[in-house]
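All remarks here apply to the structure that follows.
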Amino acid sequence: MDPSRVCLLCVLMGFITCSPNSTHHHDYCVLGAGPSGLQMGHFLSRTQRDYIILERNSGPGSFFNKYPRHRKLISINKIHTGSCNREFNLRHDWNSLLSDKPDLLFRRVSSEFYPTADAFPLYLSLYERELGLKVQYGVDIGHIRALSSDSGRQYVLTDQQGSSYFCSVLLLATGLWVPQTIAFVGSDLVEGYESISTDPEDYKNQAVLILGKGNSAFETAQSLLGSASRVHMVSRSPVRLAWQTHYVGDLRAVNNEVLDTYQLKSLDGLVETHLEEIAITKQTEESRLRPKHGRNKKEKLYLTLNKFMQNGSNSTNSRAEELSGFHIDNFSMRKPYDRVIRCLGFRFNFSIFDRTARPPNSGNARGRLPAVTAWYEGKNTPGLFVLGTAAHSRDYRTSAGGFVHGFRYTVRAVHRVLEHRYHGLQWPFTKLLSTQLLPWILKRVNEASGPYQMFQVLGDIVLLQGSHCKYLEEFPLQALPQLSSLSGHKVTNGLIILVLQYGKKKIDFLGRSRAETDWTRAWKSNFLHPVLYYYNRLPTEEEIKLRPHGWPLPRPKVIHHMIEDFLTEWDAPISHVQPLQRFLEHCVQTDLRHFYAESCFRLSLTHRQPPLYCQHGYLKGQGLSQNGQMGQKVYNSVTSSPGIIENSPQQDNSALTNYLTRAGIPMSSEIKHEL
């Protein structure tokens, strides 16, 4: 075929240009066309930045063409919520990416609550195509280095053809795909999750040992329950259930059928030991089942402890005295296995970086992830940002940053950081009157999906500025000390931070006393609920570092918990709205009640400074008329009864008054009007 036609074909298919050793320059290089890479591509495309997405495979989301191996996702796809509010619905849609197209949702490719894995690449292809994202496929980046010069720092990416991509900002969206392994004697006898057969018939009447107790391990075990003779699972830690820990990376109920067969004593079981201390050895045994021709001899695998291996032997052929059953006659795993399968998850691919560009290993997650700052920039690698699952070290085992329904929001946060740092644009904000703050916060706690999914990690920030305030959405909480440099906004008169968080007390989450219903004890809430922190200045880095254990933020000047709600609807007048209003009034030192026009007219005649709501509304020709009869009737009532107008709300509800009185909460506002 004519080489020019081959080259044209490559270009039309979205692959790299055919010229080897070519050079390309872009402001932003996104490495990986998975969900986080495409999500960042959308934001860069929307702001018309110079970017390119580089993907080594032939289509987006190639990880999901193979994983999970048994082809069922554990990310929920709840289509029917009873609401038409798009933002609210994203709280229960764990697969869709953010875009400006209201119908560009995962439901277009699947209606299953737990979708098949094949649906996800279809959705990502749809997303890329409809948004017109700039993706080049077939570009396998094998080496990344950094260059520093007087003009700044650049990253150079070299692909399999020797072509180089120069970029000012590198955005890593490669995910985790390198299988996690542990070195022990006999590890070469172990099969990997990435290569095992998924046909249950291949395990018929076999004893299987699975290393690991995460979702991939339980997914594998569950697929074998009907065919294997017994399934044992071993790891260093007991199994952690997602519905108990509130961490979606822990074992999900959709995969936990083995717990039934274990606890109901049906041959399967779970054991704890450090995998570094085990050894897998083999012995040849005669099969008890007689084949048609002669006797069947098969190698059996044994799990023993490394300390029983004589003279530190690394041989996988064991003697009887090296088996654990020889030393401990009731050793849990003394019987032989036909197969041992490793299901230990995945790690980040550090091998493509040279020392000038390599981010360090994280201190958590056993070093499987790159270490990043609170704004997801690689530590010691300025201009290199980590997106998606690979950035999960910031909220590992805390929030949902390692999953699509979490990192779609952290990617947006990174883009806002980029917009300010490189283009001088402030973090988006809404300017509100102080009197609008209460309804705005209620709207956010009842609709916003970002703080709901990335609880304790992303929060809304209210910058108080007298009678006005600026409302910033979904700012990384641990980056608060750098608020000004990352967002372009300064703190002048204090700030309020809105966070959603769980309680820290360990309880029986299915017990009778699992939930708190008394709003005066809202601080004892156990389930997800809004918490507001008030500071009169920005917390320092030292204060963030020394915050109380389990707290997302350091101790504030004032804190307010909104009582947890069974429906996750924080709009009850007594239990939610009234306490929140009192908290906000204390913070802004202003009466935030709303008044009818008649009340504003009355207060304007009797007060030197009427309530702020009246100043912003009625005195500017706005306001709500209660009965349409303002004029002489109101004037007469005011002039005939001079003095201070009481601060209790109009048309006071006696039930509310009695409730607050019994709780020791005064009905009158603490805010005094100047006379």
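The values are calculated or read from the model by the stated rules, or taken from the named source; none is laboratory data. Fair warning: this is a prediction, and the values are worked out from it, not measured in the lab. Glycine gets a Cβ as well: all are built from the backbone with ideal geometry, and neighbour counts include every protein chain shown. Quick note on the areas: whole protein, heavy atoms, side chains included, nothing else; ligands and nucleic acids left out. Shrake-Rupley method; radii C 1.70, N 1.55, O 1.52, S 1.80 Å.
Within segment 384-397, residues that are under 10 Å from V372 (Cα atoms) have Cβ atoms under 6 Å from residues that are of a type in the set (F, W, Y) and at pLDDT 95 or above in these pairs: F385/Y376; V386/Y376; A390/F348; A391/Y376, counting only partners at least 6 apart in sequence or on another chain. Residue by residue through segment 356-402, note down the ones that are at positive phi and touching a Pro at 6+ places or on another chain (Cβ under 7 Å). Of everything in segment 356-402, those that are at positive phi and touching a Pro at 6+ places or on another chain (Cβ under 7 Å) turn out to be N380, G388. The set of residues in segment 217-231 being assigned to a loop (DSSP other than H, G, I, E, B) and among the polar types (S, T, N, Q) consists of S227, S229. Among the residues examined, F385 does not qualify as touching a Leu at 6+ places or on another chain (Cβ under 6 Å), surrounded by fewer than 22 Cβ atoms within 10 Å (Cβ to Cβ) and under 26 Å from V491 (Cβ atoms).
Give me the residue from segment 274-301 that is closer than 21 Å to N205 by Cα and open to solvent by 100 Å² or more (accessible area, probe 1.4 Å) and, out of that set, modelled with the highest pLDDT.
Initially, segment 274-301 is screened for residues closer than 21 Å to N205 by Cα, giving 280-301.
Checking which are open to solvent by 100 Å² or more (accessible area, probe 1.4 Å) leaves us with 288-290, 292-293, 295, 297.
Values: R288: 50, L289: 51, R290: 53, K292: 51, H293: 50, R295: 46, K297: 62.
Among those that are closer than 21 Å to N205 by Cα and open to solvent by 100 Å² or more (accessible area, probe 1.4 Å), it is K297.
Given V258, V234, which one is over 27 Å from A391 (Cβ atoms), assigned to a strand (DSSP E or B) and open to solvent by less than 30 Å² (accessible area, probe 1.4 Å)? Quick ask: steps written out before the conclusion?
On the way: V258 fails: assigned to a strand (DSSP E or B).
Criteria check complete, one pass: V234.
The single condition among (1) under 30 Å from V254 (Cα atoms); (2) touching a residue at least 40 places away in the same chain (Cβ under 8 Å) that G142 does not satisfy is (1).
How many residues does segment 71-88 hold that are open to solvent by less than 50 Å² (accessible area, probe 1.4 Å) and either touching a residue at least 12 places away in the same chain (Cβ under 8 Å) or aromatic (F, W, Y) (or both)?
Initially, segment 71-88 is screened for residues open to solvent by less than 50 Å² (accessible area, probe 1.4 Å), giving 73-77, 79, 81, 83, 85, 88.
This time we only want the ones that are either touching a residue at least 12 places away in the same chain (Cβ under 8 Å) or aromatic (F, W, Y) (or both), so: 73-77, 79, 85, 88.
Number satisfying all stated conditions: 8.
Test L433 against the criterion of being at pLDDT below 95 and not small (G, A, S), and give yes or no.
Working: at pLDDT below 95: yes; not small (G, A, S): yes.
Against the criterion (at pLDDT below 95 and not small (G, A, S)), L433 qualifies.
It is to be established whether one or more residues within segment 339-360 are more than 23 Å from the chain's Cα centre (by Cα), closer than 24 Å to T220 by Cβ, open to solvent by less than 10 Å² (accessible area, probe 1.4 Å) and not aliphatic (A, V, I, L, M). No: zero hits.
Test of understanding: among H576, H607, which residue is at pLDDT 85 or above and closer than 22 Å to V445 by Cα?
Numbers: H607 fails: closer than 22 Å to V445 by Cα.
That would be H576, the only listed residue that is at pLDDT 85 or above and closer than 22 Å to V445 by Cα.
Looking only at residues of segment 166-179 that are open to solvent by less than 20 Å² (accessible area, probe 1.4 Å) and part of a loop (DSSP other than H, G, I, E, B), we find that the one that is nearest to E377 (Cα to Cα) is A173. Scanning segment 553-567 for residues that are open to solvent by 40 Å² or more (accessible area, probe 1.4 Å) and either over 21 Å from N536 (Cα atoms) or among the small types (G, A, S) (or both) gives D565, F566, L567.
M309 meets the conditions (1) surrounded by 17 or more Cβ atoms within 10 Å (Cβ to Cβ); (2) modelled with pLDDT of 95 or more in every case but one. The failed one is (2). Could you count how many residues in segment 106-125 are open to solvent by 20 Å² or more (accessible area, probe 1.4 Å) and not polar (S, T, N, Q)? Going through segment 106-125 one residue at a time, the tally reaches 8.
Residues in segment 339-375 that are in contact (Cβ under 8 Å) with a residue 60 or more places away in the chain, farther than 19 Å from I182 by Cβ and in contact with a helix residue (DSSP H, G or I) (Cβ under 7 Å, 6 or more places away or on another chain): P370, A374, W375.
Checking Y613 against (1) closer than 27 Å to G450 by Cβ; (2) touching a residue at least 60 places away in the same chain (Cβ under 8 Å), only one condition comes out false. Which one? Going through (1) closer than 27 Å to G450 by Cβ; (2) touching a residue at least 60 places away in the same chain (Cβ under 8 Å) one by one, Y613 breaks only (1). Criterion applied to L97, L54 was being part of a loop (DSSP other than H, G, I, E, B), at pLDDT 95 or above and open to solvent by less than 40 Å² (accessible area, probe 1.4 Å), and the one residue passing it is L97.
From the residues in segment 261-273 that are open to solvent by 40 Å² or more (accessible area, probe 1.4 Å) and in contact (Cβ under 8 Å) with a residue 12 or more places away in the chain, which one is farthest from K213 (Cα to Cα)?
L267
Rundown of residues vs (1) open to solvent by less than 60 Å² (accessible area, probe 1.4 Å); (2) polar (S, T, N, Q), yes/no style:
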{"residue": "K379", "(1), (2)": "no, no"}
{"residue": "Y396", "(1), (2)": "no, no"}
{"residue": "A400", "(1), (2)": "yes, no"}
{"residue": "Y409", "(1), (2)": "yes, no"}
{"residue": "V414", "(1), (2)": "yes, no"}
{"residue": "Y422", "(1), (2)": "no, no"}
{"residue": "F429", "(1), (2)": "no, no"}
{"residue": "S434", "(1), (2)": "yes, yes"}
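Taken as a whole, segment 183-190 holds no residue that is in a helix (DSSP H, G or I), open to solvent by 40 Å² or more (accessible area, probe 1.4 Å), without any contact (Cβ under 8 Å) to a residue 40 or more places away in the chain and in contact with a Ser or Thr (Cβ under 9 Å, 6 or more places away or on another chain).
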